[in-house]
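The values are calculated or read from the model by the stated rules, or taken from the named source; none is laboratory data. Being a predicted model, the structure only gives us computed values, none of them experimental. All Cβ positions, glycine included, derive from the backbone under ideal geometry; neighbour counts span all protein chains shown. Protein only, heavy atoms only, side chains kept; ligands, DNA and RNA dropped before computing areas. Shrake-Rupley method; radii C 1.70, N 1.55, O 1.52, S 1.80 Å.
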Amino acid sequence: ARRNGLHAAAVAAGAAVPVGGGTAAAFALTGDGETTVAPTRPLADAVAPTPTIAPEVLRKLRHEKALERAARQVRQAGGEKLDLQAVGKPLPTRKPKPAKTPEKSDGDGDGGGTARVPDPVPAGEAQRIAKAMMPDFGFTGDGQFGCLVKLWDRESSWNVHADNPYSDAYGIPQANPGSKMSAAGPDWRNNARTQIKWGLGYIKGKYDTPCGAWNHFLDVGHY
């Protein structure tokens with residue numbers, strides 16, 4: 001309005017937010033009339049609250065992750081079976097059995113009574129002994145000696161002192177326990193001939209032939 005040559009202006013500013021409209025418009029009143037300012041950008045939606053996961057769901061997810069890790073370990077270990085333990089329990093570990101005390105030799109030239117383990121015969125010599133003894137057990141067919149070599153290569157590498165750390169198996173034929181070989185001689189701990197004699201008799205009685213024992217080994221991993 002104009003009065004007495006004076007210019008008076010009344011300005012009023014406000015914001016209108018229609019319910020459910022999602023937009024805001026600003027209005028200004030001046031002496032020249034009502035002017036509407038362009039609507040601003042849509043109002044942002046309210047921030048959604050962060051969801052919470054129930055403890056039992058978290059436990060299930062962790063258990064599934066543990067199973068996945070165990071499966072990967074099985075594949076990396078070449079398929080060896082792993083026993084899964086309950087949550088919170090430590091994984092079992094294999095404890096090697098204590099090393100056997102070597103035999104003592106009475107009067108071996110160094111004062112007597114000292115612990116001494118004789119050197120094993122070479123694998124080739126042990127194989128020659130076995131080949132010479134095989135006919136005594138009726139093992140004369142073609143390929144029988146080859147089966148025996150493969151079998152005891154896998155079991156002990158033809159080492160008279162081969163000692164399985166996870167069982168009582170011992171010697172070239174891996175008698176379990178090794179003391180079984182005492183039936184073939186009192187020197188079973190160190191004598192290749194005694195061990196081979198016992199081993200050939202064991203194969204004859206249980207598998208008939210070395211190839212029968214070797215085929216059983218291929219099926220189940222032991223004989």
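Can you spot a residue in the range 193-204 that is open to solvent by less than 50 Å² (accessible area, probe 1.4 Å), free of Cβ contacts under 8 Å to residues at least 40 places away in the same chain, touching a Phe, Trp or Tyr at 6+ places or on another chain (Cβ under 8 Å) and more than 27 Å from ASP142 (Cβ to Cβ)?
yes
Which one is nearest to the chain's Cα centre (by Cα) among residues in the range 174-216 that are among the charged types (D, E, K, R) and in a loop (DSSP other than H, G, I, E, B)?
Of the residues in the range 174-216, the ones among the charged types (D, E, K, R) are 180, 187, 189, 193, 197, 204, 206, 208.
Those left that are additionally in a loop (DSSP other than H, G, I, E, B): 187, 189, 208.
Working: ASP187: 39, ARG189: 34, ASP208: 37 Å.
Among those residues, the one meeting the criterion is ARG189.
Suppose the filter is touching a strand residue (DSSP E or B) at 6+ places or on another chain (Cβ under 6 Å) and either among the polar types (S, T, N, Q) or closer than 16 Å to TYR223 by Cβ (or both); does GLY178 pass it? Can you show your working first?
Details: touching a strand residue (DSSP E or B) at 6+ places or on another chain (Cβ under 6 Å): yes; either among the polar types (S, T, N, Q) or closer than 16 Å to TYR223 by Cβ (or both): yes.
When the stated conditions are applied, GLY178 passes them.
Any residue that is modelled with pLDDT under 55 and open to solvent by less than 90 Å² (accessible area, probe 1.4 Å) - is there at least one of those in the range 136-153?
Going through the range 136-153, the residues modelled with pLDDT under 55 turn out to be none.
No, that holds for no residue.
Among the residues of the range 115-129, is there at least one that is part of a loop (DSSP other than H, G, I, E, B), at pLDDT 95 or above and not small (Gly, Ala, Ser)? Talk me through it step by step, then tell me what you get.
At the first step, the residues of the range 115-129 found to be part of a loop (DSSP other than H, G, I, E, B) are 116-122.
The next check asks that each one be at pLDDT 95 or above; those that pass are none.
No, the conditions are met nowhere in the range 115-129.
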